[in-house]
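Everything below concerns the one structure shown next.
Each reported figure results from applying straightforward, stated rules to the coordinates on display, with no laboratory input. Here the structure is a predicted model, which means the values were calculated and not measured. Note that we place each Cβ from the backbone using ideal geometry, even for glycine, and neighbour counts take in every protein chain shown.
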Amino acid sequence: MHPVEIKKDVFWVGAVDYTSRDFHGYSLSPQGTTYNTYLVKDEKTVLFDTVKSNFLDTMLCRMSNVTELETVDYIVCNHLEPDHSGCLPKLVELCKPEKIFCSPLGKRSMQAHYDTEGWPIEVVKTGDSINIGSRDIQFIETRMLHWPDSMVSYIPQDKLLICNDIFGQNISTTERFVDEVDRAVVEHDMVEYYHNIVLPFSPLVLKTLDAIAEMGIEIDMLAPDHGLIFRGKEDVQWCFDKYREFAEQAWKKRAVIIFDTMWHSTEKMAYAVAEGFESEGVPVRIMHLKTDHHSAVMTELGRASAVVFGSPTHNNGILPEVAKMLTYMKGLRPQNRIGGAFGSFGWSGECVKSLSGSLVDMGFEMPVDGVKIQFVPTHDSFKKCYEMGVELAKALKEKCGD
Ligand code: FEO
């Protein structure tokens with residue numbers, strides 16, 4: 001297990017999780033992920049974060065190719081979620097660090113997760129800095145990006161920002177740098193990661209990007225805790241620009257139709273709604289919740305500003321997969337979206353009312369009445385669905401200034 005020297009005397013000593021598809025317990029990581037850990041060798045040897053507990057041996061093996069474990073003087077915990085702190089108890093036992101640095105809320109989180117009796121915890125706040133020889137480490141708290149304890153560490157001499165979960169991607173590759181991988185793949189994985197993890201905190205993302213710009217700090221390497229490292233000022237700026245674009249959630253001329261179906265009536269309606277969008281020149285993606293994971297839907301929603309839900313009426317409500325999707329989406333707080341609703345029913349017909357209510361509750365504008373049809377769609381039913389697609393497309397184009 002070899003370390004990767006990402007700057008002089010700064011080493012990646014993390015782990016690549018090629019097979020995991022469960023990220024943070026709620027999201028899908030279709031390409032696996034990485035748990036990035038960084039080790040800086042200076043007068044003091046410093047380890048930044050750890051890895052998920054089942055990758056302890058991998059990390060220790062990589063570390064031992066850089067230094068003896070006992071030489072680690074400081075451990076910096078930028079973030080306490082277990083995929084980054086899971087090996088902390090073992091590391092404290094093996095390395096016997098002189099100090100463990102974390103944010104004020106990081107200390108609380110650390111004490112809640114582990115038996116920290118006797119641990120040399122030192123709390124640091126935004127603006128605090130330590131010297132480790134030829135380098136300083138400056139700490140910046142980034143509360144709620146994406147946990148209350150989150151912070152980032154900046155090393156000015158290396159122009160290096162070690163930024164925990166922010167700016168990450170779920171990807172498992174032998175390459176460590178963004179510039180070694182197809183840019184479209186990286187961008188896709190950034191969209192996926194942002195819209196499943198970071199989206200609710202978009203206002204904070206914008207504030208953080210502004211704060212970084214105002215601080216005037218030079219960054220030519222961005223080292224997240226998941227995925228690839230952004231190397232060079234151009235790629236760092238590319239990443240910041242992408243994050244600003246994701247966070248601003250500007251109107252996009254693209255739609256997504258999300259549905260589940262019992263006997264294919266609602267499915268057929270989805271195709272007719274899509275035809276309406278197409279006729280107006282609005283690209284549309286159809287997603288069936290029995291085959292498309294809720295994370296994949298959120299990734300698609302990252303590119304679409306019209307979001308149309310379809311469900312048959314089931315037990316006076318909607319199908320469980322649709323309810324699950326709506327709950328997941330609500331928690332991620334998408335902004336600047338128009339919505340639409342459709343579905344078939346047998347006898348009571350609450351589907352459209354239920355779907356529309358959920359979308360209005362999320363702050364979606366609903367410019368067009370929903371369409372519901374009894375049992376099996378007829379030619380007239382398809383026409384109504386098609387017309388709904390057309391009207392939604394027109395409303396979306398107006399939002400986009402098209
Ligand atoms: Fe990857 Fe929030 O831990």
**Request:** Return the total of residues in the range 338-347 being under 25 Å from the mean Cα position of the chain (by Cα) and free of Cβ contacts under 8 Å to residues at least 60 places away in the same chain.
**Result:** 1
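For (1) surrounded by fewer than 23 Cβ atoms within 10 Å (Cβ to Cβ); (2) touching a residue at least 60 places away in the same chain (Cβ under 8 Å); (3) aromatic (F, W, Y); (4) within 13 Å of the ligand (Cβ to nearest atom), each residue gets a yes or a no:
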{"position": "I162", "(1), (2), (3), (4)": "no, yes, no, no"}
{"position": "E175", "(1), (2), (3), (4)": "yes, no, no, no"}
{"position": "E192", "(1), (2), (3), (4)": "no, yes, no, no"}
{"position": "D210", "(1), (2), (3), (4)": "yes, no, no, no"}
{"position": "H226", "(1), (2), (3), (4)": "no, yes, no, yes"}
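Specify which of the listed residues (G363, G339, G349) is touching a helix residue (DSSP H, G or I) at 6+ places or on another chain (Cβ under 7 Å) and among the small types (G, A, S).
G339
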**Message:** Among the numbered criteria (1) more than 16 Å from the ligand (Cβ to nearest atom); (2) of a type outside the set (V, I, T); (3) crowded, with 20+ Cβ neighbours inside 10 Å, which one does R183 miss?
**Reply:** (3)
**Request:** Quickly run through the range 37-83 and pick out the residues that are over 21 Å from E98 (Cα atoms) and touching a strand residue (DSSP E or B) at 6+ places or on another chain (Cβ under 6 Å).
**Result:** K52, F55, T58, D83
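Would you please name the residue that is nearest to A112 (Cα to Cα), looking only at residues in the range 148-160 that are within 16 Å of the ligand (Cβ to nearest atom) and buried (at least 19 other Cβ atoms within 10 Å of the Cβ)?
D149
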**Residues (among the hydrophobic types (A, V, I, L, M, F, W, C) and surrounded by 19 or more Cβ atoms within 10 Å (Cβ to Cβ)) located in the range 93-114** = C95, I100, F101, C102, M110
**Fill in**
Residue hits (the range 120-133; among the charged types (D, E, K, R) and part of a loop (DSSP other than H, G, I, E, B)) are K125, D128
**Prompt:** Does E117 fit the bill of being out of contact with any helix residue (DSSP H, G or I) (no Cβ under 6 Å at 6 or more places or on another chain), without any contact (Cβ under 8 Å) to a residue 12 or more places away in the chain and either surrounded by fewer than 21 Cβ atoms within 10 Å (Cβ to Cβ) or part of a loop (DSSP other than H, G, I, E, B) (or both)?
**Reply:** yes
**Asked** Which residue pairs have Cβ atoms under 6 Å apart, sit 6 or more places apart or on different chains, and have a first residue in the range 135-155 that is free of Cβ contacts under 8 Å to residues at least 40 places away in the same chain and a second that is within 11 Å of the ligand (Cβ to nearest atom) and assigned to a strand (DSSP E or B)?
**Response** none
**Asked** Going through the range 18-59 one residue at a time, which ones are away from the ligand (no atom under 14 Å from the Cβ), of a type in the set (S, T, N, Q) and not in a loop (DSSP other than H, G, I, E, B)?
**Response** T45, N54, T58
**Message:** Among the numbered criteria (1) buried (at least 18 other Cβ atoms within 10 Å of the Cβ); (2) of a type outside the set (S, T, Y); (3) over 23 Å from the mean Cα position of the chain (by Cα); (4) under 23 Å from V92 (Cβ atoms), which one does Q138 miss?
**Reply:** (4)
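Go over the candidates L94, L105 one by one and state the one that is in a helix (DSSP H, G or I), under 19 Å from T208 (Cβ atoms), in contact (Cβ under 8 Å) with a residue 24 or more places away in the chain and among the aliphatic types (A, V, I, L, M).
Being in a helix (DSSP H, G or I), under 19 Å from T208 (Cβ atoms), in contact (Cβ under 8 Å) with a residue 24 or more places away in the chain and among the aliphatic types (A, V, I, L, M) holds for just one of L94, L105, which is L105.
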**Asked** When you go through E141, E117 one by one, which is the residue that is away from the ligand (no atom under 16 Å from the Cβ) and of a type in the set (D, E, K, R)?
**Response** E117
**Message:** Going residue by residue through the range 64-77, is there one that turns out to be part of a loop (DSSP other than H, G, I, E, B), more than 15 Å from the ligand (Cβ to nearest atom), of a type in the set (S, T, N, Q) and in contact with a His (Cβ under 7 Å, 6 or more places away or on another chain)?
**Reply:** yes
**Item:** Breaking point among (1) within 16 Å of the ligand (Cβ to nearest atom); (2) more than 23 Å from D158 (Cα to Cα); (3) among the hydrophobic types (A, V, I, L, M, F, W, C), for L94
**Value:** (1)
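Yes/no per residue for (1) in a loop (DSSP other than H, G, I, E, B); (2) buried (at least 23 other Cβ atoms within 10 Å of the Cβ); (3) touching a His at 6+ places or on another chain (Cβ under 9 Å):
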position: E267; (1), (2), (3): no, no, yes
position: A274; (1), (2), (3): no, no, no
position: E278; (1), (2), (3): no, no, no
position: I286; (1), (2), (3): no, no, no
position: S295; (1), (2), (3): no, no, yes
position: M325; (1), (2), (3): no, yes, yes
position: W347; (1), (2), (3): yes, no, no
position: S356; (1), (2), (3): no, no, no
position: L359; (1), (2), (3): no, yes, no
